[in-house]
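The values are calculated or read from the model by the stated rules, or taken from the named source; none is laboratory data. Worth saying up front: this structure is predicted, and the values here are computed from it rather than measured. Ideal geometry is used to build each Cβ from the backbone, glycine not excepted, and the neighbour counts take in all protein chains shown. Heavy atoms of the whole protein, side chains included, go into the accessibility calculation; ligands, DNA and RNA do not. Shrake-Rupley method; radii C 1.70, N 1.55, O 1.52, S 1.80 Å.
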Amino acid sequence: MSSFEALGLRAETLRSLADIGFTTPTPVQEQAIPLLLRSEKDVVALAQTGTGKTAAFGLPMLEYLDPQDRTIQSLVLAPTRELCVQIAKDLERFSAHLKGTRIVAVYGGASIRDQIRDIQRGAQIIVATPGRLLDLIGREVLDLSTVDVVVLDEADEMLNMGFQEDLTEILEKTPKEKRTWLFSATMSSEVRRIAKRYMRA
């Protein structure tokens with residue numbers, strides 16, 4: 001039995017991981033995945049880029065997903081378009097055998113019309129940079145009231161880039177009863193403040 005099987009992931013996800021050649025979880029995956037699957041509470045994880053953190057939050061997120069439901073169930077916020085695209089690609093690979101799963105990446109510098117069209121076709125997971133997401137919310141293109149999981153990836157970087165107000169505005173549009181997972185390389189005072197304000201201990 002591979003280590004990923006021991007973490008309690010569904011069969012379709014394990015098939016996708018086998019296809020990719022993932023066999024042994026990294027330390028952050030080994031610690032985070034069972035915790036995120038088990039806990040109703042919000043979680044703060046300290047993890048550097050390159051430690052496998054997309055799988056650490058992405059695999060549990062897919063466990064909570066209902067592929068038959070076309071509403072937005074999960075939201076991942078990332079500081080840059082490059083990271084946004086990378087996360088969306090990774091999630092597509094992880095969910096390859098989860099029929100009906102749709103992931104849309106929204107970020108500045110690309111056609112907003114195309115992104116709107118992709119969202120309107122139905123997506124359960126939105127991966128977004130804060131600025132473009134707020135633009136789409138302002139245009140009433142997407143509704144975050146059905147979101148069950150919010151991931152703040154590289155939260156320290158988002159705050160360094162001046163996204164604090166944007167994050168506040170976005171999080172206020174999501175339900176109170178949701179899981180919030182914050183991944184950050186450092187635990188700065190700003191990250192602590194966001195955690196205190198928007199996360200349930």
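Going Cα to Cα from residue 178, which lysines come in below 22 Å? Please leave out same-chain ones fewer than 8 positions away.
Those lysines meeting the cut-off are 41, 53, 196.
Rounded to a whole number, what % of the accessible area of segment 71-201 do carbon and sulfur atoms account for, probe 1.4 Å?
The nonpolar share, carbon plus sulfur, comes to 45 percent.
Assuming a ≥ b ≥ c are the square roots of the Cα gyration tensor eigenvalues, decide whether segment 94-135 counts as rounded (a/c under 1.5), prolate (otherwise, with a/b larger than b/c) or oblate.
prolate
Around residue 116, under 15 Å between beta carbons, what's the net of Lys plus Arg minus Asp minus Glu among the other residues?
Surrounding charge for residue 116 is +1.
Given points 7 Å out from each Cα along the Cα-Cβ axis, report the residue 169 to residue 97 separation in nanometres with one decimal.
In this crude spin-label approximation the distance works out to 4.2 nm.
With a sphere of radius 13 Å drawn around the Cβ of residue 97, what net charge do the other residues whose Cβ falls strictly inside it have (Lys, Arg +1; Asp, Glu -1)?
Charge balance near residue 97 sits at +1.
Once R0 is set to 30 Å, what does the formula 1/(1 + (r/R0)^6) return for the Cβ-Cβ distance between residue 46 and residue 110, expressed as a FRET efficiency to the nearest 0.05?
Once rounded, the FRET efficiency stands at 0.45.
In deg cm²/dmol and to the nearest 500, what is the mean residue ellipticity at 222 nm of the chain if only DSSP H runs of at least 4 residues count, each as -39500 (n - 2.57), divided by the residue total?
Theoretical 222 nm ellipticity from helices: -13500 deg cm²/dmol.
Grab the other residues whose beta carbon is less than 13 angstrom from that of residue 21, score K and R as +1, D and E as -1, and report the net.
Surrounding charge for residue 21 is +1.
Give the accessible surface of segment 83-201 per residue, rounded to a whole number of Å², with probe radius 1.4 Å and ligands, DNA and RNA excluded.
47
Place a point 7 Å from the Cα of residue 146 along the Cα-to-Cβ direction; which residues of segment 68-83 have their backbone N under 19 Å from it?
68-77
Can you give me the relative contact order of the chain as a percent, contacts being Cα pairs under 8 Å and 6 or more apart?
Relative contact order for the chain comes out at 25 percent.
Need one word for the chain: rounded, prolate or oblate. Basis is the Cα gyration tensor (sqrt eigenvalues a ≥ b ≥ c); a/c below 1.5 gives rounded, then a/b vs b/c decides.
Taking the square roots of the gyration eigenvalues as a ≥ b ≥ c, the chain is oblate.
Return, ordered by residue number, the residues of segment 82-104 whose backbone nitrogen is under 18 Å from a label point located 7 Å along Cα→Cβ of residue 117.
Label zone hits: 103-104.
If exposed means no more than 12 neighbouring beta carbons inside 10 Å and the site is in a DSSP loop, what's the longest run of the chain without any exposed GluC sites (Glu not before Pro)?
Counting only loop sites that pass the neighbour cut-off, the longest clear stretch is 41-139.
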